[in-house]
Each structure stands twice: as structure tokens, then as C-alpha cells.
Amino acid sequence: MDKMPKWADVILIPLISLFLAALGAGLVLMATGQDPIAALGVMIEGGMGSSRAWGYTLYYATNFIFTGLAVAVAIHARLFNIGAEGQALLGGVGVAVACLQVPWPHWSLAVIGALVSAAVFGGLWALIPAWLQAKRGSHIVITTIMFNFIAAAVLNYLLVEVMKPAGVMEPATASFPTATHLPSFADMLGVVGIPFASDAPANFAFLLAVLACGLVWLLIWRTRLGYEIRAFGHSETGARYAGISGVKIIVVTMMISGALAGMMSVNNVMGEAERLVLNASEGAGFIGIAVALMGRNHPVGVFLAAVLFGFLYQGGAQLSFQLQIPREMVTVIQALVILFTGALDQMIRGPLERAFLAARKGRA
Amino acid sequence: MTEPVLELAGISKAFGPVQANKNIALRVMPGTIHGIIGENGAGKSTLMSILYGFYKADSGTIRIRGKEVQISDSQAAIGAGIGMVFQHFKLVENFTVLENVVLGAEEGRLLRPSLARARSELKALAEEYGLNIDPDAVIEEIGVGMQQRVEILKALYRKAEILILDEPTGVLTPAEADQLFRILARLREEGKTVILITHKLREIMEITDTVSVMRRGEMTATVQTSDTSPEHLAELMVGRKVLLHVDKAPAAPGKPMLEVDGLNVIDSKGVERLKGVSLTVRAGEILGIAGVAGNGQSQLLEVLGGMRAGQGVVRIDGAEIDLTGRHSNGQTRRARGIAHVPEDRQREGLIMEFFAWENIAFGYHHNATYNRGALMDNAALQADTAEKMARFDVRPPNPWLTAKNFSGGNQQKIVVAREIEQNPKVLLVGQPTRGVDIGAIEFIHKQIVALRDQGAAILLVSVELDEIMSLSDRIAVMFDGRIMGERRPEETTAQELGLLMAGINGKAA
């Protein structure tokens, strides 16, 4: 049977990976003449030390939950969606259209409209590569990468030529009307009397992200569609035997994936910027790949990994701000985490499996 | 004279907690054909891999002609005079016979002199052992039987005195198998020693001098072939009495349930795989399709099972089904009462990473009993799986094991349980007992016959002629995408079927 208990697989390995990544990052910092312990202190203080810090960490985490779920859903059908970035950009267009074109009476209705619009835009943007893969065999990795560039160009065109208000120099839409502004954590927690930093960007969309985790879990492990997606992902010949249409699975899965990536824009475009600007998603689509990888494509894992990456993002920003560590060094630290948790997973798994086997033999 | 050429003592090998070989002792006499028989997973292949240097035994000794040897890799095995013919040939497809024989045994950096030397030696070997073959033929252009000869020649060229053949007849027609046995007999005459690994009792009885039986990693018996019987060997293999012949009442065929008329299939490369196949299976009968693998049987099952498009007419219970449209798939076939035990359970019939209870719904996951509103009813699935596992004796009876954690026989039982329990009108069965141990074969055969007796029409495809002969009520032979003829099992012989399988039709069908 299995060589390792499940808890070691899902908890111990990520923790060891994380420790090794921190060790590596510490060595890099030492090599550049910084004190790694002090740096860690700054990161923890800046990423988790105050309600403001949490407000930023969870704001970033919300983006990563949506894009992480997007990548994870696609991977269950053995589709590698590298296009979450572009789908998120198009989702932003969807949010802007919904917020600017409809006179919403209240934010609670606006958020539903924006969510649907973002999902439709993101989903349709993923539909094109999906269709090309299903019908023409064009590899989804290649096409989704290309569609990131096209999405950036489309956004550029729309902002400069179509959506920019007259007489403004900046390529951005007008600010969204006040009725579409989402409540921040300070607003929501204020109702129950808990104080929270009012200048932190975390907002209502975080709750939507948590809800999305639950719905994705339900989809993948409880519905017929999820069953078919997983079956197709494990064995295409098996799916053909069972009468599961590969075209349908590829198209539907990619549209769900694209919709999830698009919905991220409810957080950053609607909840934070309250208007649409260039490069609104800021690479969150790519972080989503690492989040899905580290979270083992399971919604709970994605949630935890997204919070971790949110912390790294926010703590890293504080690092460059307070210790004059260059921004690039922060990227190096994040890259080490991705390297150890994703790519070098097998490096830790092998020795650990042997250790468990030896321990079991010793007991027997 | 009576010193054994090969002697194993106390060979043990464990993979983690699994003891694949336990204290094996074996004596093989020179100039004999020694059979090794056992169920899948009995440890035959592990033992031979130790002998050929792929694995290192945990303990025990190997003696060749009385001298203890260490076999650390395949080079050492070749040096000790051991040659091996694998089940899956290890030949370079676009090389000639000569190049394949020399490959790995080149002398010096220039190829030409060694090829010339090899050519004359090959000629001598071919004459000595009756292994006629064109040294300049390209491997991919010659038949499987010929390819096997190349493997044997390769071993002889490397001065092998002991030749091990692993399941050599699995890919051969009966005629090719006969030729192989003649070659093996000739090798024995010339003083070589042959070790034949197989799970086919008939081959053991036909050609070996001595036979050793393995069960669960142990060598349970070694007997003279002339002193034993197939029934006795089967009992030694399984550890209990086994019914070798399927016990079934004569068929009581009813109305035509599956009618195929002029079915054609052209694959994605434009090759015609089925050329006007017509057949009828009545309710309550088993039609067996015999044939060498690759003559269109797979495509026939795939079209009928909805896995690929075809041209022609197929009727189920009198009503025609759509073979090409958007709705021609496994789901609509199942809705019409066609169940399908596919040829490849690991790639088609099961999702190996799914739990047994997820697999029990595979293909039937839209059934109302497995669903509760928008969600799948996992509790119902788990209960259903436990029940089917008990009825079909799946071991271990644990619905929470993934499919890959079951043995081949138990995986197949899961598939067969799933398909048979749907009470289909038509059951398509492909290679139902491939890689399945004897005990499970007996059980699966019984279930198929029981379904027939309930009035289902059964189309059985198998490359095992014994299985076709014992299970079918009628036999159709396929060759090159056509039905070569139909016979009744009680009125035909393996020889006649073998000719049909090779495309030679003696009398009108």
C-alpha cells in the first residue's frame, strides 16, 4: 500500500519545503550582507504583525486563491492553464463594464453583476484556446501563454481608445460609482465592533474567494461533472470508454478555469482600485500556478498556499521598504519558495518515504 | 552426466514488505527443456530477473555447472552462458536482423568486419538449429514469429548454453507456436538447455521434460512432465482443485439480439481495419471471435462499444443504432443495453487512481441510483461497491482502495461485476482473462456463462484459443479485418482454427 501516511504527504512535505526555502533565502541574504534573522522579523511584522499587515496579506491572498483555483481546476482535467493572467485581465474588463454601464442601487447587487460579468469575460477568453485544443489539437500551454499577451494588448487598446474618459491622459477607466464600492474589512468588522486598519485593501471579495474554495471542492469531488473531469484527466482512453466527451470536458473545464481567474478582478479592480488600469492583475495569474502546485490542486491547499504567498508578497514589500533590500531580492525569495515547494518536491519526498519505510520495518 | 547445469539454492528476494521469492531451490539438468509454471505474481519473473542480473537476490547461491557464480548484471549472465528471450522483444525496429544480432556484441570500433564475421556465424547457427531467416530483412517488416527467432539467434550468437524464454507463445499463432516448439526441441537435441516460463498448461505438457511449479514466491514442486497431468499441475499452482473446463449447459439461443451487417472501419491513418464484417449473436448464446491480435477484433469491440465511428448497420434487439453521429458514444450504448468489458482494463475499463467505489460507477455515473439531485450519491456508491465486491469475491473487499492497489484478477473482477450487474442485453467482452490468475479465470468464466443463461447475447473476443474453444457456443475467426469463417467448437479443432487465423480457408465458411 502507500508508503507514507497521508498527513506526512500533505503537511510534513510542504513544511520541510518551506523550511528549506527559508534557509536558502537566509543564505542569499547573508551573502548580500544582510541579517537574515532581522529580515525575517521585518517580514513577519510587515506581513502578519498588525491588522493593516493582515489586510494586505489577505488582499493578495484573495487574488491568489482565485487564480490558484483556476489553475487547479484545469489540472484535474490534465490541462495546464498558464493563461490565468490574461483571463484575469479580461475579467477586469468585465468588472469595469458591469460597474460603469449599470446604475447599481447597492453594492450587494453590483458585486453579483460584476462577478457574473467577470466570469463571462474570463471564461470566454479561455474558451478560444480550449476550442483550439479540443478541435484542432493546438497545445493549450502554448495558446494560453500567447493569449496572455493578446489580453494585455486588448486591455491596452480598450483603455486607450474605448474606455478612457474624454480629456484624461492616463490610460484608465473612470472611477466606479460609489454604489459599487465593496466594504473593506474595516467596514465589515466595524459592524461587530472589531477594529481593523481602514487603509488596508482587504475587502468583501475575500469572502467570495473562500466561498469559491468550497464550491470548487463540491464541483471536483461531489458532482458528475467533477467526476468526469477527473476521469478524463487520469485517462483519456478511459474517458472514451465510459462515453465521456473529451471536447466537452476540455471546453467546460477551461471555461470554469477562466471564469475563476476572471473573478479575481472583483477583488483588485472593484474592491481595491475601484477603476480599471493597465496590467491590473500584476502577475497574480502566474503566482496562481505556484499556488496550485503547492496546494496539491485541492481547495484547502490552495487557500493555505495563497495565504502564504500573500504573506510573502506583503512581507517582501516591507523588506524592500524598510531594509533597502532591492525588490529583486524579494523576488528571489519568492522564487526559492516556488522552487522548493513545487519543483523540488520529489527531492524531499524520496528520502522521507525511505525514512518512513525504515521506521515501519523497525517497528515490525 | 547427471550434474545439473544450473542449480539455485536458497534464493530469496523481497521488495519492501512483499516476499517475491522465498528460499527457492531449483536444479536444471543439461539438455532438457525445463518448464516453470505459476500464476501471475507467483514470482517467476522475479526469479528469472535474478538469474539474468536485473535484480540481486537478498540471499542464496547460483551455481552453473557446479561452480558458484555472481550475476551482477546482464553482461555477467551472458558471460555465464545464460541467454534470455523476453516477452516483449528488445529489438531495434528499423535495423536488419544481422545488425540486431551484432548490436552490443560488436568487436572493435569498425562495424564492417564484425558484421561479416557475424553473417557467416549466423548462417552456421541457422543451419545447425533450423532457424532459417534472412539476415538482411528489416525487423519491422518481418512477422512476430520471425522476430522471436532473431531473439533466440541473438542469445545463441552470444554463446548461450542456457536459454530462458518468458511467455514465448503469448504473441504467436498456434502454427507459429508449433514452429517455436520444433526449434526448442532441436536446441535440446544439440545439447542446449531451455527454461520455459509460461502459465499455459498445454505448452508445459507438450514440450517440457521437467516442470517446476511456483506459488506465492515459493517453489512448491518439481516433477517429471510424464508423471503429471494438467489437472494436477493446476492444483499445484492454485493450491486447490480447479475446474479446467467450463461447466456449461448447451445454449438455448433465442431471437437475434446483436446484428452486425457490413461493418467497415477506417482508422485515423486511413488503414481499413474492418472490411465488411457481418455477424449475429442471439439471446442466450456466446459468440467467440478467435484471431491473432491486431486483425480487427479490437476495432470491432470499439465500434460496438461506442468508442470509435464505423460504417455499416448494427442492430440491438432489432433496432438500429447510430454509429457515427454526435450521440454515438459509450453513454448512449449503455442506455441501449450494451455492456462492455474492454480489452485493456488498466487504460480503459478502470481509472487506476480512482477508488474502487468510484470505479464501480464508471460509465454508469449518470444512473439515477448513483445520484442525488445535482451531486453524486457517494454513500450509495460505497454500499453498492461493498455488495458487488462480496458477490464477485473481490479481494481485499475494501471499496476505499484505489484500483491500482488490486491484483490484475481482482481489477478484472471489479470491471466484470460492474458490467454484468447492469443486466445488459448484449455483453461485449475483450480478453476477459488476460493477466488474470487461474482461480479468477474460473470465476469470471462462470459469471459470463451465468449471464448467457439469463438470456444475454455475449460477444467474446480473445486471443487465447483455449478460452474461445471452451466458452463459446459458436466461433467466428477474424483475419485481416474479415470474418474468415464460423465453426462450432465441438466440430472443429485448434488446427483448423489456426489455419483460419492465418488467413487460410480450407473449406467454404
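The values are calculated or read from the model by the stated rules, or taken from the named source; none is laboratory data. Model, not experiment: these values are computed from the prediction. No Cβ is skipped: glycine too gets one built from the backbone with ideal geometry, and neighbour counts run over all protein chains shown.
So the values come out like this:
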| quantity | calculated |
| --- | --- |
| Residue within segment A:342-350 that is under 18 Å from the mean Cα position of the chain (by Cα) and not hydrophobic (A, V, I, L, M, F, W, C) present | yes |
| B:I82 being of a type outside the set (S, T, Y), closer than 30 Å to B:A57 by Cα, surrounded by 14 or more Cβ atoms within 10 Å (Cβ to Cβ) and in contact with a strand residue (DSSP E or B) (Cβ under 6 Å, 6 or more places away or on another chain) | yes |
| Selection status of A:R275, basic (K, R), over 18 Å from the mean Cα position of the chain (by Cα), more than 14 Å from chain B (Cβ to nearest Cβ) and more than 16 Å from A:Y59 (Cβ to Cβ) | yes |
| Index of the failed condition, B:R315 passing every other in (1) within 11 Å of chain A (Cβ to nearest Cβ); (2) of a type outside the set (A, V, I, L, M, F, W, C); (3) assigned to a strand (DSSP E or B); (4) closer than 13 Å to B:L258 by Cα | (1) |
| Matching residues in segment A:321-334 - criterion: being part of a helix (DSSP H, G or I) and crowded, with 16+ Cβ neighbours inside 10 Å | A:M329, A:V330, A:V332, A:I333, A:Q334 |
| Some residue of segment A:238-247 being more than 10 Å from every other protein chain (Cβ to nearest Cβ), small (G, A, S) and more than 27 Å from B:R345 (Cα to Cα) | no |
| Within segment B:293-313, tally of residues that are crowded, with 22+ Cβ neighbours inside 10 Å and among the hydrophobic types (A, V, I, L, M, F, W, C) | 5 |
| Residue ID - surrounded by the most Cβ atoms within 10 Å (Cβ to Cβ), chosen from residues in segment B:222-236 that are at pLDDT 90 or above and not hydroxyl-bearing (S, T, Y) | B:V223 |
| Hits in segment A:21-59 (condition: at pLDDT below 90 and touching a Ser or Thr at 6+ places or on another chain (Cβ under 9 Å)) | A:A21 |
| Candidates B:A283, B:A251, filtered to the one that is touching a residue at least 60 places away in the same chain (Cβ under 8 Å), assigned by TED's automatic domain parsing to the domain that holds B:V461 and not hydroxyl-bearing (S, T, Y) | B:A283 |
| Unmet criterion (only one of (1) in contact with a Phe, Trp or Tyr (Cβ under 9 Å, 6 or more places away or on another chain); (2) modelled with pLDDT of 95 or more) for A:Y313 | (2) |
| Test for B:Q422: is it among the polar types (S, T, N, Q), surrounded by 18 or more Cβ atoms within 10 Å (Cβ to Cβ) and more than 10 Å from every other protein chain (Cβ to nearest Cβ) | no |
| Residues of segment A:201-233 that turn out to be without any contact (Cβ under 8 Å) to a residue 60 or more places away in the chain and of a type outside the set (F, W, Y), as a count | 10 |
| Residue ranges of helices (runs of 4 or more DSSP H) in segment A:207-265 with at least 3 members in contact with a Gly (Cβ under 9 Å, 6 or more places away or on another chain) and either within 22 Å of B:L301 (Cβ to Cβ) or at pLDDT 95 or above (or both) | A:236-242, A:246-263 |
| Odd one out for B:T198, checked against (1) over 30 Å from B:E128 (Cα atoms); (2) in contact (Cβ under 8 Å) with a residue 40 or more places away in the chain | (1) |
| Subset of segment B:478-509 that is closer than 14 Å to B:L279 by Cα and in contact with a Gly (Cβ under 6 Å, 6 or more places away or on another chain) - its residue that is surrounded by the most Cβ atoms within 10 Å (Cβ to Cβ) | B:M478 |
| Residues within segment B:176-208 that are touching a Lys or Arg at 6+ places or on another chain (Cβ under 8 Å) and closer than 30 Å to B:G439 by Cβ, tallied | 2 |
| Members of segment B:318-340 that are closer than 17 Å to B:V265 by Cα and more than 10 Å from chain A (Cβ to nearest Cβ) | B:I321, B:D322, B:L323, B:T324, B:G325 |
| Among (1) over 30 Å from A:L100 (Cβ atoms); (2) surrounded by fewer than 19 Cβ atoms within 10 Å (Cβ to Cβ); (3) within 14 Å of another protein chain (Cβ to nearest Cβ), the one test that A:L215 misses | (1) |
| Residues being more than 7 Å from chain A (Cβ to nearest Cβ) and assigned to a loop (DSSP other than H, G, I, E, B) - total across segment B:355-371 | 4 |
| Residue that is assigned to a helix (DSSP H, G or I) and within 26 Å of A:A186 (Cβ to Cβ), where the choices are A:G316, A:G285, A:G301 | A:G316 |
| Residue tally, condition more than 19 Å from B:K123 (Cα to Cα) and buried (at least 18 other Cβ atoms within 10 Å of the Cβ), over segment B:149-173 | 11 |
| Condition check for B:K446: under 30 Å from B:V18 (Cα atoms), surrounded by fewer than 18 Cβ atoms within 10 Å (Cβ to Cβ) and at pLDDT below 95 | no |
| Among the candidates A:V251, A:V192, residue that is aliphatic (A, V, I, L, M), more than 25 Å from A:W54 (Cα to Cα) and either surrounded by fewer than 21 Cβ atoms within 10 Å (Cβ to Cβ) or in contact with a strand residue (DSSP E or B) (Cβ under 8 Å, 6 or more places away or on another chain) (or both) | A:V251 |
| Options A:G362, A:G350; residue that is of a type outside the set (V, I, T), in a helix (DSSP H, G or I), under 15 Å from B:G16 (Cα atoms) and at pLDDT 75 or above | A:G350 |
| Filtered residue count, segment B:344-354, keeping only those that are part of a helix (DSSP H, G or I) and either at the interface with chain A (Cβ under 9 Å from one of its Cβ atoms) or under 15 Å from B:Q422 (Cα atoms) (or both) | 4 |
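This table checks each residue for (1) touching a helix residue (DSSP H, G or I) at 6+ places or on another chain (Cβ under 9 Å); (2) more than 13 Å from every other protein chain (Cβ to nearest Cβ); (3) without any contact (Cβ under 8 Å) to a residue 60 or more places away in the chain.
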site: B:A290; (1), (2), (3): yes, yes, no
site: B:P342; (1), (2), (3): yes, no, no
site: B:G373; (1), (2), (3): no, no, yes
site: B:A390; (1), (2), (3): no, yes, yes
site: B:D393; (1), (2), (3): yes, yes, yes
site: B:L401; (1), (2), (3): yes, no, yes
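Conditions tested, residue by residue: (1) surrounded by fewer than 16 Cβ atoms within 10 Å (Cβ to Cβ); (2) within 14 Å of chain A (Cβ to nearest Cβ); (3) of a type in the set (G, A, S).
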{"residue": "B:F15", "(1), (2), (3)": "yes, yes, no"}
{"residue": "B:P30", "(1), (2), (3)": "no, no, no"}
{"residue": "B:I36", "(1), (2), (3)": "no, no, no"}
{"residue": "B:Q75", "(1), (2), (3)": "yes, no, no"}
{"residue": "B:K90", "(1), (2), (3)": "yes, no, no"}
{"residue": "B:E93", "(1), (2), (3)": "yes, no, no"}
{"residue": "B:R109", "(1), (2), (3)": "yes, no, no"}
